[in-house]
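As structure tokens, the structure follows; a few thoughts come after it.
Readers should treat all values here as calculations from the given coordinates under stated rules, not as data from a laboratory. Fair warning: this is a prediction, and the values are worked out from it, not measured in the lab. Positions of Cβ are backbone-derived with ideal geometry, glycine not excepted, and every protein chain shown enters the neighbour counts.
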Amino acid sequence: MKITSVDIWTVVVPTLPGRVHSPEYEASTGWDQIPKHILVLNTDTELTGLGETGRGVPVEQVRDGARQLLGADPEKLTLQNIFAGRSRGDETWLDLFQGPAYDAFEIAVFDLVAKARGVPVHDLLGGAVRERVRADYWMGHQTPEDGRRSVERALGLGFKGVKIKCRIQEPMVERLQAMLEAGGPDFKVTVDPNERFYTAEQTIELASRLKQLGNVEVFEDPIPKSDMEGYRQIHAAVELPVAMHLGDAGKMLEAINAGVVDCFNLGGGLVGFQRLAAVAAAAGMRCWHGSGNDLGIMDTSFIHAAAAAANCTMASDFVGSWTREDDLIVEPITFADGFTPVPMEPGLGCELDREALSRYTQSHENVQ
């Protein structure tokens, strides 16, 4: 089997009005207007591989990655290093996960190889350790009233918890109280201010008030991650789990050795996530898979990655299917009782929705 050409669609899929932020806080998301790229690796067989870039990856990088894979036999690629050949000896320390638009092409190559072997993508990662993965609802900056309505909607969609974006300036106690009234104490909330609680003092004071409500599951990135002393103070004083969102093993080790975290929100590609999750597991810590409000192909790849990591037992973020107008896959990701099922079909287990794709395409090219 040879890769003969690569189709590249540049797409913009807007978010649904009011689904992310309350207009009082954010008039528009902005990031939903940043293009993404959908990839299809075509071969000299009937098999194809689907991929999706993150937001804002330059199309020039996508073209470069496509050219590097043209003519390659996907089954002869090193799956943990798809753009590089195998070392001729054991003395070379290879830089993994490097190359233009790496994560998108990694998804596409894994999809293609798994289809060729008749197995789901997670088999190429060591196999799924669970048949379903925990998943939470997600919302941006919202007023207490909008937060209540979002929780009611989340419950109707089959979720048992939610991750919220927030700032210290927002009415946090009132917001969590409204969510508690809508969902009850068992509907848990991951509080993620993206470092915008600013100081340890402010975080500790707010955490003491929120803990009394009883519906907070974890505090994620409360203050800048560079403020390790502040994290020490928070971890010592706050009686709630503290997490960092990281994509670098060295930074994880720094946080672990400093004793300032209890769990992690992790990113990375298919193989990269497994390595990061293994670092957390070695420290006896749980994790979940983060997201960038992506589309269906990338979200599906995240499910495979989460299913293969034994310590990925916290609720992950597979959120594009209800924040954006479309996820660009035929069958949307489903949720029930706080979980999403792990795909068991060969490859990713999702199919590109060509009709929807045509509605959101800004440009298309074929590299051959």
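Using the Karplus curve 6.51 cos²θ - 1.76 cosθ + 1.60 with θ = phi - 60°, work out ³J(HN,Hα) for each residue of segment 229-241 in order, rounded to whole Hz, and write x for Gly and Pro.
With the stated coefficients, segment 229-241 comes to 5, x, 5, 4, 5, 4, 5, 6, 9, 8, 8, 9, x Hz.
What's the extension gain from residue 61 to residue 229 if we count 0.36 nm per residue and subtract their Cα-Cα distance?
On the way: separation 168, 0.36 × 168 = 60.48 nm, distance 3.86 nm.
The residue 61-residue 229 span can extend by a further 56.6 nm.
How high is the relative contact order of segment 248-362, in percent, with contacts defined as C-alpha pairs under 8 Å that are six or more residues apart?
Computed value for segment 248-362: 22 percent relative contact order.
The list [x] 20.7, 62; [y] 25.7, 81; [z] 22.6, 68 gives values of Rg and Dmax of the Cα atoms in Å, and only one came from this structure; which label was calculated from it?
Read-out from the structure maps to [x].
State, as an integer percentage, the relative contact order of the chain based on alpha-carbon contacts under 8 Å between residues 6 or more apart.
Numbers: 790 pairs, mean separation 80.3, N = 368.
Relative contact order for the chain comes out at 22 percent.
Rounded, prolate or oblate for segment 170-210? Axes are the square roots of the Cα gyration tensor eigenvalues, ordered a ≥ b ≥ c, and the cut-off for rounded is a/c under 1.5. Walk me through the intermediate numbers first.
Numbers: a/c = 2.30, a/b = 2.03, b/c = 1.13.
Verdict is prolate for segment 170-210.
Given contacts defined as C-alpha pairs under 8 Å and at least six residues apart, what's the relative contact order of segment 132-341, whole-number percent? If you can, show how the numbers build up before the last one.
Working: 415 pairs, mean separation 45.5, N = 210.
Relative contact order here is 22 percent.
Quick check: pseudo-label points 7 Å beyond the Cα along Cα→Cβ at residue 78 and residue 212, how many nm apart are they?
In this crude spin-label approximation the distance works out to 5.8 nm.
In terms of modelled amide H atoms, which long-range or inter-chain residues lie less than 5 Å from the amide H of residue 43?
Under 5 Å from the amide H of residue 43 lie the amide H atoms of 4, each far enough along the sequence or on another chain.
Across segment 269-283, in residue order, what do the Karplus-derived ³J(HN,Hα) couplings come to in whole Hz, using 6.51 cos²θ - 1.76 cosθ + 1.60 with θ = phi - 60° and x for Gly and Pro?
Residue by residue, segment 269-283 yields x, 4, 7, x, 4, 4, 5, 5, 4, 5, 5, 4, 4, 4, 8 Hz.
Can you give the net charge of the other residues whose Cβ lies under 10 Å from the Cβ of residue 241, counting K and R as +1 and D and E as -1? Numbers along the way, then the final one.
On the way: positive: 286; negative: 217, 220, 239, 262.
Net of charged neighbours comes to -3.
In the structure displayed, which of 115/163; 36/211; 2/251; 115/188; 160/225 lie more than 32 Å apart, Cα to Cα? Don't skip to the end; give the middle numbers.
On the way: 115/163 34 Å; 36/211 39 Å; 2/251 39 Å; 115/188 37 Å; 160/225 28 Å.
As for pairs spanning more than 32 Å Cα to Cα, those are 115/163; 36/211; 2/251; 115/188.
What does the charge count around residue 120 come to, taking other residues whose C-beta lies under 12 Å from its C-beta (Lys +1, Arg +1, Asp -1, Glu -1)? List each step's numbers first, then the result.
Details: positive: 115, 117; negative: 111, 123, 131, 345.
Overall, the nearby charge balance is -2.
Quickly estimate the mean residue ellipticity at 222 nm for the chain, helices only: each DSSP H run with n ≥ 4 gives -39500 (n - 2.57), and the total goes over all residues, rounded to 500.
Dividing the helical sum by the residues of the chain leaves -10000 deg cm²/dmol.
Could you give each residue of segment 158-165 its phi-based ³J(HN,Hα) in whole Hz, using Karplus coefficients 6.51, -1.76, 1.60 with θ = phi - 60°, and x for Gly or Pro?
x, 9, 10, x, 8, 9, 10, 8
Can you tell me which of 50-62, 173-185 comes out highest on packing, and rank the rest after it, using the mean Cβ neighbours within 10 Å?
Details: 50-62: 19.5, 173-185: 17.6.
In descending order of packing, they fall as 50-62, 173-185.
Just add up the charged neighbours of residue 310: K/R +1, D/E -1, any other residue whose Cβ is under 12 Å from the Cβ of residue 310. Please report the intermediate quantities before stating the final value.
Numbers: positive: 130, 286; negative: none.
Summing Lys/Arg as +1 and Asp/Glu as -1 gives +2.
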